[in-house]
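The values are calculated or read from the model by the stated rules, or taken from the named source; none is laboratory data. Remember, predicted model here, so these are calculated numbers, not experimental data. Cβ coordinates were reconstructed from backbone atoms using ideal geometry, including for glycine residues, and neighbour counts include every protein chain displayed.
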Amino acid sequence: MHTAEILTMEETAQWLRFSKAHLSHLLNGKLRGLPRLPCIQIGRRKLIRRDSLIKWIEQAEAKALLSESQDSSPHAQKERSN
């Protein structure tokens, strides 16, 4: 494994265009509607595997697409109108 495959909190936050505080909430599973981003914790330091980050983005996209398709279904529209 190359060191470039491991990202620091700062590098991950920059990659996602998040603040480090927002990323911390994501790592701790405190953001509603988003899956927790897995990390490697060494003492107080948290590191993120680049492969895990890419998989997390794909999962978040899939969940968002599924949610959008369910919201636009005729059944969901009927429920909202009642």
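Overview of values
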item: Check on residue 60, modelled with pLDDT under 95 and aliphatic (A, V, I, L, M); result: yes
item: Index of the failed condition, residue 79 passing every other in (1) loosely packed, with under 13 Cβ neighbours inside 10 Å; (2) at pLDDT 95 or above; result: (2)
item: Filtered residues of segment 46-76 (kept if under 12 Å from residue 7 (Cβ atoms) and surrounded by fewer than 12 Cβ atoms within 10 Å (Cβ to Cβ)); result: 51, 54
item: Evaluation of residue 27 against (1) modelled with pLDDT under 95; (2) touching a Cys at 6+ places or on another chain (Cβ under 7 Å) (one fails), failing number; result: (1)
item: Within segment 9-32, considering residues that are in a loop (DSSP other than H, G, I, E, B) and in contact with a Lys or Arg (Cβ under 8 Å, 6 or more places away or on another chain), the one farthest from residue 66 (Cα to Cα); result: 28
